[in-house]
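The values are calculated or read from the model by the stated rules, or taken from the named source; none is laboratory data. Keep in mind that what you see is a predicted model, and the values were worked out from it rather than measured. Cβ placement follows ideal geometry from the backbone for every residue including glycine, while neighbour counts extend to all protein chains displayed. Protein only, heavy atoms only, side chains kept; ligands, DNA and RNA dropped before computing areas. Shrake-Rupley method; radii C 1.70, N 1.55, O 1.52, S 1.80 Å.
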Amino acid sequence: MIEQDTIRLLRECDAGIKMGVESIDEVLEYVGSEGLSEKLSKCKAEHEKLNGEVQKLLDKYHDEGKDPNPIAKGMSWMKTNVKLSLKASDHTIADLITDGCNMGVKSLNKYLNEYKAADEVSKDITKRLINLEEKLAIDIREYL
């Protein structure tokens with residue numbers, strides 16, 4: 001049970017990290033402010049660092065991880081591109097990223113509660129990912 005919950009939690013972290021990195025990549029070229037660009041780039045690098053830890057653990061369990069849900073990914077892509085085509089501004093970007101962070105925090109907390117038997121290392125990674133998402137949402141409030 002511990003191993004199963006651990007793998008499931010790591011898979012959800014993997015999918016969440018991929019979704020976060022892809023979302024930041026989608027908006028970076030539209031950012032006007034150097035400050036917002038730096039905050040997003042820094043957060044992306046921290047996500048990628050955490051992903052390295054997740055991949056190492058998934059490899060240990062001989063698991064390939066998980067890609068983001070294609071429907072959620074497609075909806076996010078559509079929402080981002082429609083909003084940016086209407087008004088590509090730092091406000092729009094901050095709004096989109098904040099929504100994404102909030103959804104990530106909600107999902108990750110749900111999985112943390114669902115996979116209670118996961119090992120402490122995986123829970124710690126999940127909590128650090130949640131903190132990254134929460135911190136980014138706070139850091140970019142000034143652009144809303």
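Key figures
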item: Residue check for Ala94: farther than 25 Å from Asn113 by Cβ, crowded, with 16+ Cβ neighbours inside 10 Å, modelled with pLDDT of 95 or more and within 15 Å of the chain's Cα centre (by Cα); result: yes
item: Considering residues of segment 93-131 that are assigned to a loop (DSSP other than H, G, I, E, B) and in contact with a Lys or Arg (Cβ under 8 Å, 6 or more places away or on another chain) only, the residue nearest to Glu12 (Cα to Cα); result: Tyr115
item: Failed item, numbered, when Asn51 is tested on (1) open to solvent by less than 40 Å² (accessible area, probe 1.4 Å); (2) of a type outside the set (Phe, Trp, Tyr); (3) over 15 Å from the mean Cα position of the chain (by Cα); result: (3)
item: Whichever residue in segment 104-121 is surrounded by 18 or more Cβ atoms within 10 Å (Cβ to Cβ) and among the aliphatic types (A, V, I, L, M) and, among such residues, is nearest to Glu3 (Cα to Cα); result: Ala118
item: Checking Lys73 against (1) part of a helix (DSSP H, G or I); (2) at pLDDT 85 or above; (3) among the basic types (Lys, Arg), the condition it does not meet; result: (2)
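Conditions (1) touching a Ser or Thr at 6+ places or on another chain (Cβ under 9 Å); (2) without any contact (Cβ under 8 Å) to a residue 40 or more places away in the chain; (3) open to solvent by 30 Å² or more (accessible area, probe 1.4 Å), marked per residue:
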{"position": "Ile2", "(1), (2), (3)": "no, no, yes"}
{"position": "Cys13", "(1), (2), (3)": "yes, no, no"}
{"position": "Tyr30", "(1), (2), (3)": "yes, no, yes"}
{"position": "Lys42", "(1), (2), (3)": "no, yes, yes"}
